[in-house]
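The values are calculated or read from the model by the stated rules, or taken from the named source; none is laboratory data. Just so we're clear, the structure is a prediction, and the values are computed from it rather than from any experiment. Here the Cβ positions follow ideal geometry from the backbone for every residue, glycine too, while neighbour counts run over all protein chains shown. Quick note on the areas: whole protein, heavy atoms, side chains included, nothing else; ligands and nucleic acids left out. Shrake-Rupley method; radii C 1.70, N 1.55, O 1.52, S 1.80 Å.
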Amino acid sequence: ASARLAEGRVAAATAVRSGPLKTDMLIFPAVLADPRRPSEVTFSGVRPGPALRGWIALDDDDAKLRRRGGYRLEIRVRKPGAADWTTLADLTVPHRPDRQQLARLAPVPADMQDAADITVALTPTGDAPPKLGFDIDLGPD
């Protein structure tokens, strides 16, 4: 996901950018959310497989500071170009360091595993949300 965003290969993007995120005491490429406003990115024609392979994380230093704020994460999937979305995740991101694996979320419906559109929406809450990023393996192009 981070590479596709960096290359501009997204269907839509609002308040996100590609950049580095320090998590698990390492630097990873990530899709970074804007902590001041809702962020959303949509990837079209991807191959997610039976479960999302990826992670979401707070920046290590921000997670240790216990900043005043957090994020709501929503991940939706649909058949390419369809009108109706299926929600795979709708949760509050835990305020802790380390990458949280996305595979534990709901499985990708069988009819969308080989071709799908995926939207990731992040809504900040509170006065000072921490830096947050994610990356998802979207399958071969």
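Structure values in brief
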quantity	calculated
Residues located in the range 83-123, provided they are without any contact (Cβ under 8 Å) to a residue 12 or more places away in the chain and open to solvent by less than 60 Å² (accessible area, probe 1.4 Å)	PRO94
The lone exception for THR86 - which of (1) touching a Pro at 6+ places or on another chain (Cβ under 7 Å); (2) within 14 Å of ARG53 (Cβ to Cβ) it fails	(2)
Count of residues meeting criterion [within 14 Å of ARG53 (Cα to Cα), assigned to a strand (DSSP E or B) and in contact with a Pro (Cβ under 8 Å, 6 or more places away or on another chain)] in the range 103-133	1
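Listed here are the residues, each with its yes/no results for (1) in contact with an Asp or Glu (Cβ under 6 Å, 6 or more places away or on another chain); (2) within 23 Å of ASP111 (Cα to Cα); (3) open to solvent by less than 10 Å² (accessible area, probe 1.4 Å).
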position	(1), (2), (3)
ALA3	no, no, no
ALA6	no, no, no
ALA11	no, yes, no
LYS22	yes, no, no
ILE27	no, no, no
SER39	no, no, yes
PRO50	no, yes, no
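Matching residues to (1) in a strand (DSSP E or B); (2) modelled with pLDDT of 95 or more; (3) farther than 20 Å from ARG96 by Cα:
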site: PRO20; (1), (2), (3): yes, yes, no
site: PRO29; (1), (2), (3): yes, yes, no
site: GLY45; (1), (2), (3): yes, no, yes
site: ALA51; (1), (2), (3): no, no, yes
site: ASP61; (1), (2), (3): no, no, no
site: TYR71; (1), (2), (3): yes, yes, no
site: GLU74; (1), (2), (3): yes, yes, no
